[in-house]
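Read the structure below first, then the notes.
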Amino acid sequence: MKVKYDQEVDVLTIQLSGAPVEESDEDKPGVILDYDKDGNIVGIEILNASKRMENPRALEYAVA
């Protein structure tokens, strides 16, 4: 999994898989889900991230 925040365009991208994106769908306004050819979610893009979360540059990782 890779997480990237692009401050220039204010987009947070979460890449769940290295599979190529076959289709994208804006599930909710400003939240784009990327799918592979089998319909699995391979990525999530959050537009206007700084307005949707406290600090898009901060990342907390937890394993339970």
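Worth a mention:
- Evaluation of E26 against (1) surrounded by 11 or more Cβ atoms within 10 Å (Cβ to Cβ); (2) assigned to a loop (DSSP other than H, G, I, E, B); (3) without any contact (Cβ under 8 Å) to a residue 12 or more places away in the chain (one fails), failing number: (2)
- Every residue from region 13-35 that is among the charged types (D, E, K, R) and closer than 26 Å to R52 by Cα: E23, D25, E26, D27, K28, D34
Values quoted throughout were computed directly from the atomic coordinates according to the rules given, and no laboratory measurement underlies them. Values in this document were obtained by computation on a predicted structure and should not be read as measured data. A quick note on method: Cβ atoms are made from the backbone with ideal geometry, for glycine too, and the neighbour counts reach across all protein chains shown.
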